[in-house]
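Beneath this line is the structure, given in structure tokens, with notes to follow.
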Amino acid sequence: MAIIITDDCINCGACEPECPNSAIYEGAIDWRWQDKTKLSGKVTLPDGTEADAEAYQQAYSDDVYYIVPGKCTECKGFHEEPQCKTVCPVDCCIDDPEHRETDDILFSRQKFLHS
């Protein structure tokens with residue numbers, strides 16, 4: 001499953017540089033598939049949709065840091081545990097009940113983003 005950042009976030013930014021997939025963004029900042037990945041140009045995402053990896057996508061939150069679920073691998077393939085959870089001083093990085101995924105899916109996503 002992916003991780004979400006709750007409204008308890010104090011916007012300290014400790015989580016953002018720890019994410020190996022650049023799945024974490026500051027509130028109101030638009031995101032891109034290519035950020036800190038090997039994706040570029042037109043790509044077909046694992047769910048079959050097509051996207052321009054270089055195009056900016058709308059921010060998921062205007063107020064607090066947020067995590068792009070399609071880029072979150074829970075640090076699989078990089079670390080033993082999600083680094084955002086490890087460094088968050090207020091424990092606001094939690095499992096996202098809306099995005100429950102198996103380890104196989106998370107490892108597959110890691111390979112897609114970085115191969």
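Would you point out which residue out of Cys84, Cys72 is in a helix (DSSP H, G or I) and either touching a residue at least 60 places away in the same chain (Cβ under 8 Å) or surrounded by fewer than 15 Cβ atoms within 10 Å (Cβ to Cβ) (or both)? Steps first, please.
Values: Cys72 fails: in a helix (DSSP H, G or I).
Going through Cys84, Cys72 in turn, the sole match is Cys84.
Being within 25 Å of Ile10 (Cβ to Cβ), within 11 Å of the chain's Cα centre (by Cα) and of a type in the set (A, V, I, L, M, F, W, C): is that true of Cys75 here?
On the way: within 25 Å of Ile10 (Cβ to Cβ): yes; within 11 Å of the chain's Cα centre (by Cα): yes; of a type in the set (A, V, I, L, M, F, W, C): yes.
It is true that Cys75 is within 25 Å of Ile10 (Cβ to Cβ), within 11 Å of the chain's Cα centre (by Cα) and of a type in the set (A, V, I, L, M, F, W, C).
Go through Lys38, Lys42 for me and flag whichever is free of Cβ contacts under 8 Å to residues at least 60 places away in the same chain and either among the basic types (Lys, Arg) or out of contact with any Leu (no Cβ under 9 Å at 6 or more places or on another chain) (or both).
One residue alone meets the criteria, Lys42.
Residues in the range 1-53 that are outside any loop (DSSP other than H, G, I, E, B), surrounded by fewer than 12 Cβ atoms within 10 Å (Cβ to Cβ) and of a type in the set (Asp, Glu): Glu50 only.
For Cys93, are the conditions met, namely being more than 18 Å from Ala51 (Cβ to Cβ) and in contact (Cβ under 8 Å) with a residue 12 or more places away in the chain? The answer is yes for Cys93. Within the range 21-44, the set of residues being in contact with a Phe, Trp or Tyr (Cβ under 8 Å, 6 or more places away or on another chain), of a type outside the set (D, E, K, R) and farther than 24 Å from His79 by Cβ comprises Gly27, Val43. On the given criteria, is Asp95 more than 11 Å from Ala2 (Cα to Cα), modelled with pLDDT under 95 and either over 15 Å from the mean Cα position of the chain (by Cα) or not hydroxyl-bearing (Ser, Thr, Tyr) (or both)? No, not satisfied. Of the listed requirements (1) part of a helix (DSSP H, G or I); (2) hydroxyl-bearing (Ser, Thr, Tyr); (3) surrounded by 17 or more Cβ atoms within 10 Å (Cβ to Cβ), Ser108 misses just one: (3).
The values are calculated or read from the model by the stated rules, or taken from the named source; none is laboratory data. All values derive from a computational prediction rather than experimental measurement. Positions of Cβ are generated from backbone atoms using ideal geometry, with glycine treated the same way; all protein chains shown enter the neighbour counts.
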